[in-house]
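The values are calculated or read from the model by the stated rules, or taken from the named source; none is laboratory data. Worth saying up front: this structure is predicted, and the values here are computed from it rather than measured. Positions of Cβ are backbone-derived with ideal geometry, glycine not excepted, and every protein chain shown enters the neighbour counts.
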């Protein structure tokens, strides 16, 4: 299994220091309940996750903005693209191409098995 990427953890107490602009859906790996660990110093979330390294399997995949096949489309990723797995719910995976995105949902089977 590939070890997770290393991200620096924030120093001190994590909290908001003023108003922030909410990023557009499908950009940063940030939800109300969960965020990429690298965003901990910039955005407040209930939980932060250290992602698992994965790859898009044999076919291109289009990120969805929600866990539904009829949800809006985000970026399209080529086969073999390195991604970071942040969360799994049923047969859906929430992934990102790093802490600056793009991010979105794909069916779990569209990802290559963990190495």
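Only residues that are within 14 Å of the chain's Cα centre (by Cα), outside any loop (DSSP other than H, G, I, E, B) and surrounded by 15 or more Cβ atoms within 10 Å (Cβ to Cβ) were counted in region 60-71, giving 2.
Taking the listed residues 109, 115, the one that is over 20 Å from residue 36 (Cβ atoms) and modelled with pLDDT under 95 is 115, with no other qualifying. Only one of the listed residues (74, 104, 98) is in contact with a strand residue (DSSP E or B) (Cβ under 7 Å, 6 or more places away or on another chain), buried (at least 16 other Cβ atoms within 10 Å of the Cβ) and part of a loop (DSSP other than H, G, I, E, B). That residue is 98.
Taking region 26-39 as the range and being part of a loop (DSSP other than H, G, I, E, B) and at pLDDT 90 or above as the test, the residues that pass are 26, 27, 28, 29, 31, 33. Of all the numbered requirements in (1) out of contact with any helix residue (DSSP H, G or I) (no Cβ under 8 Å at 6 or more places or on another chain); (2) free of Cβ contacts under 8 Å to residues at least 60 places away in the same chain, residue 96 misses one, and that requirement is (2).
Selection of first residues in region 31-57 that are in contact (Cβ under 8 Å) with a residue 12 or more places away in the chain and of second residues that are surrounded by 15 or more Cβ atoms within 10 Å (Cβ to Cβ) and part of a helix (DSSP H, G or I), restricted to Cβ pairs under 6 Å at least 6 apart or on distinct chains, gives the following pairs, ordered by first then second residue: 48/37; 50/37; 57/110. Within region 42-59, the set of residues being part of a loop (DSSP other than H, G, I, E, B) and surrounded by 13 or more Cβ atoms within 10 Å (Cβ to Cβ) comprises 42, 43, 44, 45, 50, 51, 57.
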